[in-house]
Structure formats: C-alpha cells, structure tokens
Amino acid sequence: MRRVSTPAPRRDLHVALLRDLGADLLGGVLGVGTALSTEQLEARYGVSRTVVREAVKVLESVGVLTARRRVGLVVRPPQEWDALSPLVVGWRLAGADRHRQLAEISELRRGVEPVAAALAARRDEAEHVARMRAAVEGMAATGPAGDLRAYLAHDVDFHTALLQASGNRALASMAGLVEQALAGRTEHDLMPAVPEPQAIRWHREIAEAIASGDAVRAEATMRLVVDEAADAVARQDPAG
C-alpha cells in the first residue's frame, strides 16, 4: 500500500493524493484504460473515502478519469485531459517532460500576455498598475540578492495583476497557468541563480507603459519578457 506523505489535515491529504496520483498517471503506473474503484484508491494511497471522493471529482472535472457503469473509474488518454488545468500542468512540470510543457506554455504566453498588456494600457486600471509597480519593486529587491522564492512571489503578483488589468475575464483566467509556468522554472532549478536585470527593467517598463496608456510599448515589451523566458528554457532543454 502506498501512503501519501503529507500529514493529517484533510486538505493536505487531498493535495498529496492528487500529487501522488499525477506521478502514477504520468509514470505509467496507472495507464490509459486502467479501471479503479474508490476502495482500491483508498487502499493504494492510504486515505479516507472522503478524501478519495474529493480527488475523484477534481480528476473527472479535468478529464483525467471518467466513470463507467459496471466498470468503475477509468483513466482517459492524456490528450483528453484539460491541458490548461493548473493541476495537469503542475503534474507535467514535475515529470520528465517538463521542458516540453514549459515550451508549450511559453508559446501560449506569447499569444496571451502581450495582448493582455495592450488591453490593460487602454483601460483605466490604476489599482492593478499599483500592484504591478509594487511587484516590480519587490523583484528589484529580491532578484539581485538571489532570493528566488521571494522573487517568484513578486513575479507571480506582477503577471496576475497584468492579466486582470486587461479587463478580459478569459485572459485573467490564465493567471493560474502562468503562475505554474513561473513556479515550475523556480522549483525545478531552471532559473539562473540571479534573475536577469534586464527582465526586471522590462517589467518596470511594462507597468509604466500601461500607466501612461501606451499600448504599443506595453505589448512590445511584454513580448520581450515572454521571449526571454522561452529562450532561457530552450537553452536548458537537453533534447534541444
């Protein structure tokens, strides 16, 4: 019996179960077409039925499992999973195929964040601009010191505020995905020991371009940011 490593609180067990299931799904331990029951999952992962049911609801919602009458819960092919789900993205970033996942997110970011920056510059979003400016100051303070965890938190704040500043709910909903991409680079040692100073300057320029209503400059500079991140990941890809 495999037991999740996180201790007692149910929320922690739920998160740990999803993490361990993801590793088994991507590792082929639970292959496509595998039929599972609630009882089997309880026994395998050493958690309660309540925790299993909560996890199953999540996995069904992102297309990983489907319930079939007289069969049970069946693992669906990965191509049918919700590729934009932060849960699925997180699994892939933790697996052997993380460089491909980061490359795919980088391609998506190229089509999303520059557009969001341009839209933000066309709207009066002073509150979001203030958040972006504060995030840049945090990046400027923590980046040169090599405090990557703190830097990540400020970087995530910046990009979340930017997407929300677009005023487009569909674009704003991409914040979780972008956060996973940023966190994935940090958690899997794909960031330089000291973040690029130029990248911090570009973030500042984006905030100021949005504040001044310069959509062209905001979009162009945001494209520089996502291109720099994509190029950095590509250089570290052993298959590249």
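The values are calculated or read from the model by the stated rules, or taken from the named source; none is laboratory data. As the structure is a prediction and not an experimental result, all values here were calculated from the model. Cβ placement follows ideal geometry from the backbone for every residue including glycine, while neighbour counts extend to all protein chains displayed. Side chains included, ligands, DNA and RNA excluded: accessible areas come from the protein's heavy atoms. Shrake-Rupley method; radii C 1.70, N 1.55, O 1.52, S 1.80 Å.
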Rounded to the nearest 10 degrees, the helix 126-142 long axis (Cα) sits at an angle to the longest Cα principal axis of the chain of 80 degrees
Can you send over the solvent-accessible area of ASP97, 1.4 Å probe, protein chains only, in Å² to the nearest 10?
80 Å²
Counting only protein heavy atoms and leaving out ligands, DNA and RNA, the solvent-accessible surface of VAL29 at a 1.4 Å probe, in Å² to the nearest 10, equals 90 Å²
Can you tell me the 0 to 90 degree angle between the C-alpha axis of helix 148-165 and the longest principal axis of the chain, rounded to 10?
80 degrees
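Mind checking the per residue accessible area of the chain for me, 1.4 Å probe, whole number of Å²? Don't jump to the answer; show the numbers that get you there.
Working: 11890 Å² over 240 residues.
Counting only protein heavy atoms, the per-residue value for the chain is 50 Å².
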Let me understand the stretch 114-240 better: what is its radius of gyration from the alpha carbons, and its Dmax, in angstrom?
13.9, 44
Taking the Cα centre of the stretch 172-213 as origin and charging only Cβ (+1 Lys, Arg; -1 Asp, Glu), how large is the dipole, in debye to the nearest 20?
80 debye
So what does log10 I(q)/I(0) come out to for the stretch 28-166 at q = 0.08, 0.14, 0.16, 0.18 Å⁻¹, using the Debye formula with one equal point on every Cα and no solvent?
-0.36, -0.85, -0.95, -1.05
Viscosity 1.567 mPa s, temperature 4 °C: give me the Stokes-Einstein translational D for the stretch 186-232 in µm²/s, with Rh taken as the Kirkwood radius over C-alpha pairs.
114 µm²/s
Using a 1.4 Å probe on the protein chains only, how many percent of the accessible area of the chain belongs to carbon and sulfur?
51 percent
When the chain is treated as a Gaussian network with springs between alpha carbons less than 10 Å apart, the largest mean-square fluctuation among LEU102, LEU119, LEU13 is found at LEU13
Connecting C-alpha atoms closer than 10 Å in a GNM of the chain, tell me which of VAL194, VAL115, VAL88 has the biggest fluctuation.
VAL194
In a Gaussian network model over the chain where Cα atoms closer than 10 Å are linked, find which of GLY22, GLY31, GLY184 has the largest mean-square fluctuation.
GLY31
Starting from the residue with the highest accessible area, list GLU127, GLU228 in decreasing order, probe 1.4 Å.
GLU127, GLU228
The simple spin-label model distance between GLU228 and GLN40, using points 7 Å out along Cα→Cβ, in nm, is 4.9 nm
